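For reference, the structure is listed below as structure tokens.
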Amino acid sequence: MLDPKRLRNDLDAVAAQLARRGYTLDAAAFTALEERRKALQVATQELQNERNTRSKSIGQAKARGEDIAPLLAEVADLGDKLKAAEADLNALQMALQDLMLSIPNCPHASTPDGGGEDDNVEVARWGEVPKFDFTPRDHVELGEMNGWMDFETAAKISGARFVVLQGPLARMQRALTQFMLDLHSSEHGYQEVYVPYLVNADSLRGTGQLPKFEADLFKTNSEAGHYLIPTAEVPVTNIARDTIADALPRRFVAHTPCFRSEAGSYGRDTRGMIRQHQFEKVEMVQLVPPADSYAALEELTGHAEAVLQRLGLAYRKVALCTGDIGFSSAKTYDLEVWLPAQNTYREISSCSNFEDFQARRMQARWRNPETGKPELLHTLNGSGLAVGRTVVAIMENYQDADGRIHVPEALRPYLGGAEML
RNA sequence: GGAGAGGUGGCUGAGCGGUUGAAAGCGCACGAUUCGAAAUCGUGUUUGGGCUUAUCCCCAACGAGGGUUCGAAUCCCUCCCUCUCCGCCA
């Protein structure tokens, strides 16, 4: 959510920033709502003030033993007027709140302009793209020929966009999550956390998935209306909801499965493990003082890059343009890993600075030692990495002519020293 | 699932329906005292919003939401959460 004060005082500038990401802010509608809100609020508060002072004097008169009947008569209709005013104000504030919750974050000045993914800007490349003296197989072929990957059985059990992994490949996926968690917690300063996979609507509102993107989520029919998490960002960032931290930064890393309905992506990446309803991810989350958040974004992105580097996977770093960043993000870097079979780079991590957008929605604050006051903090997160896609990348980059998969050096300690899967 | 207890400020913990945003203590900040410190004394110390250059002033908030009332932390209803005992369970 954007700062209401900024919207009130600097509406044109905000609208201009939002226009960069292709969002048209209905300034007239906002102004109209806001003006009515102000008038109604002042009127309501005057009525409340009158009620309070009169009630107080009734109490005082009663204490003196005076007759309070005439005083009561004076306030007879006050209650109804007040109740009506409060109801009007309440309805208006709900409408205003709905509007506020539906406005995306303003892009940071350094986020490049653009309308869609074609306008994203590559900022770095790392690693050698592997050369094969044979035609590299894609992960589906490799997985199936080795008997490690079974989409048909998954389709029977669940449906499309699921997979059953078997034996060494299932084990490698587990090894990857251990490797990533260990790296971030022991070398990058993150605290490992284990979090719920079912969350309530308040948490999803906090990070920005709700109210706009309900269609992307799986909702359960539990009484509490739980949703399956689409990313660990939701439970982990919401650790800070409604709290005042006394020391920042706080860094968390968690491994969770992620569940996405992939509504609207029919026909895209239907083959293989690239786009599934359920996948494993290791996620980093940082809560930082506002002044530090852009340095933190560079650092956090570096932590995700470190995983790719240790695994020896070639990748590029892309600054998403204003038309491609997520709803809640002010700036996002995607890391794209080289996939030989697709002959292209594919997203394997997304690292974002949300500034105070999420913090304001979830009232996540810290006590600024300079002011002594509670202030909104900044939130960031990044995949470190999407584990399922890392499995794909390793298979495709580390295959040999026989379809066997070599194990990257860094991963061997997690697989009993094995050099091959 | 059954039975019971309880949710008040950074923490502990009071609070007959009326001047209680809330006693007291702890903690914290500033000041006094001191060579310095401890102890002691004094002052201050919630958050959000409205108006405002600012001070002041006003409104709201005692788990959440409704209700009763001129007036609710206090009474009533619903829900959420925590704790204890029993049952069940990985």
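The values are calculated or read from the model by the stated rules, or taken from the named source; none is laboratory data. Here the structure is a predicted model, which means the values were calculated and not measured. Methodologically, a virtual Cβ is constructed for each residue, glycine included, from the backbone with ideal geometry; neighbour enumeration extends over all protein chains shown. All accessible areas refer to the heavy atoms of the entire protein, side chains included, with ligands and DNA or RNA removed. Shrake-Rupley method; radii C 1.70, N 1.55, O 1.52, S 1.80 Å.
In table form, for the structure just shown:
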quantity: Unmet requirement for A:Ile68, which otherwise passes all of (1) touching a residue at least 12 places away in the same chain (Cβ under 8 Å); (2) among the β-branched types (Val, Ile, Thr); (3) within 8 Å of RNA strand B (Cβ to nearest atom); calculated: (1)
quantity: So A:Asp98, is it out of contact with any strand residue (DSSP E or B) (no Cβ under 9 Å at 6 or more places or on another chain), within 16 Å of RNA strand B (Cβ to nearest atom) and open to solvent by 80 Å² or more (accessible area, probe 1.4 Å); calculated: no
quantity: Any hit, region A:285-304, residues being among the aromatic types (Phe, Trp, Tyr), assigned by TED's automatic domain parsing to the domain that holds A:Leu248 and either touching an Asp or Glu at 6+ places or on another chain (Cβ under 7 Å) or outside any helix (DSSP H, G or I) (or both); calculated: no
quantity: Subset of region A:387-418 [of a type in the set (A, V, I, L, M) and touching an Asp or Glu at 6+ places or on another chain (Cβ under 8 Å)]; calculated: A:Val387, A:Ala401, A:Val407
quantity: The listed residue being under 26 Å from A:Ser293 (Cβ atoms) and of a type outside the set (D, E, K, R), out of A:Met100, A:Met94; calculated: A:Met100
quantity: Residues of region A:28-61 satisfying the condition of being more than 11 Å from RNA strand B (Cβ to nearest atom) and either surrounded by 15 or more Cβ atoms within 10 Å (Cβ to Cβ) or not in a helix (DSSP H, G or I) (or both); calculated: A:Phe30, A:Leu33, A:Arg36
quantity: Among residues of region A:237-270, those that are β-branched (Val, Ile, Thr) and modelled with pLDDT of 95 or more, counted; calculated: 2
quantity: Within region A:325-378, considering residues that are part of a helix (DSSP H, G or I) and touching a Leu at 6+ places or on another chain (Cβ under 6 Å), the one least open to solvent (accessible area, probe 1.4 Å); calculated: A:Ala359
quantity: Condition met for A:Gly208 (surrounded by fewer than 19 Cβ atoms within 10 Å (Cβ to Cβ), at positive phi and either aromatic (Phe, Trp, Tyr) or assigned by TED's automatic domain parsing to the domain that holds A:Arg271 (or both)); calculated: no
quantity: Near pairs, Cβ below 7 angstrom, 6+ apart or cross-chain, from region A:2-18 (touching a residue at least 12 places away in the same chain (Cβ under 8 Å)) to any residue that is open to solvent by 40 Å² or more (accessible area, probe 1.4 Å) and within 14 Å of RNA strand B (Cβ to nearest atom); calculated: A:Leu11/A:Thr31; A:Val14/A:Arg6
quantity: Yes/no for A:Ala16 being part of a helix (DSSP H, G or I), more than 9 Å from RNA strand B (Cβ to nearest atom) and modelled with pLDDT of 90 or more; calculated: yes
